[in-house]
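Written out below as structure tokens is the structure these notes cover.
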Amino acid sequence: HEPLTMLTLIAGVTEKIELVPSVIVLPARQTVLFAKQAATLDVLSGGRLRVGIGVGKEEAEYESLGAEFHNRGARCEEQIALLRMLWTEETVEFEGRWDRVSGAGIDPLPIQRPIPLWIGASSVPVPRIRRRIGQQADGWFVLCSPQEFPGVRDDIQREAEASGREPASIGMEAGVAVVGPREHEWQSRVAGWRDAGLTHLCLRTLGGGLQANQHIERMRQAAAELPTV
């Protein structure tokens, strides 16, 4: 399902959980329209939105939306800058390569000013992605193994320091499956990621063939066991 639409439904029937689309293919979307949609969801949910963004890898997806595929990295970086302005300033003046906003803004502004933006980073050494995280992101999704994690983290922290940012201000989140073939080791993996210094952890119930109500029950069980890990 389209993630913002689905999360709007979820926001209406929940009160506490964080809403994290992971991820929005940002360069395939109109920046100002996305800014308004995200701001609305943040307001309606009481400030519970954290947005995962990426650039995607499906050229057909871009073509079907009338967006350019080959400049998606540079466009994403410009979009991040504009989104932050749109989410924090009542009147925006912005002249970019792809977007221009003059004397306009979003009303109402989101509760979170700005809404947090997170980006995924894998073990594949793509310097531009790690630089984008270090320079612009509020946090990153750890898409690598614990063994590969220190190298990716260090690259991101170097980029943060080079741009005058405090590396400790950038969040880190890894995912651990509590169902499926690695279910028996989920507690040791949580402990390992905790010791690695992560700020966020995602417990996953996908991949186990569960029905909707079973996902909730399995998550409840895992949450109850967490204090003993």
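The values are calculated or read from the model by the stated rules, or taken from the named source; none is laboratory data. Treat the numbers as computed from the prediction; the structure is a model and nothing was measured. No Cβ is skipped: glycine too gets one built from the backbone with ideal geometry, and neighbour counts run over all protein chains shown. Surface areas here come from the heavy atoms of the whole protein model, side chains and all, with no ligands, DNA or RNA. Shrake-Rupley method; radii C 1.70, N 1.55, O 1.52, S 1.80 Å.
Before moving on, here are some points about what is shown:
- Under the combined filter of DSSP loop state and at most 16 neighbouring Cβ atoms within 10 Å, the range 139-229 retains these GluC sites (Glu not before Pro): Glu148.
- In the range 91-140, the inverse of the mean reciprocal separation of distinct Cα atoms equals 13.4 Å; this is its Kirkwood hydrodynamic radius.
- When the inverse distances between all different Cα atoms of the chain are averaged and flipped, the Kirkwood radius reads 19.0 angstrom.
- Protein heavy-atom accessible surface, 1.4 Å probe, per residue over the range 115-199: 47 Å².
- Whole-number D in µm²/s for the range 14-68 (Stokes-Einstein; Kirkwood sum over Cα pairs; 4 °C, 1.567 mPa s): 105
- For the range 1-67 versus the range 191-212, the gap between their alpha-carbon centres in whole angstrom: 22
- Take the Kirkwood radius over Cα pairs of the range 102-180, plug it into Stokes-Einstein at 25 °C and 0.890 mPa s, and you get 176 µm²/s for translational diffusion.
- Tail beyond 15 Å, pair distance distribution of the range 143-229 (Cα, percent): 63
- Charge tally for Phe69 (other residues, Cβ to Cβ under 11 Å; Lys, Arg +1; Asp, Glu -1): -2.
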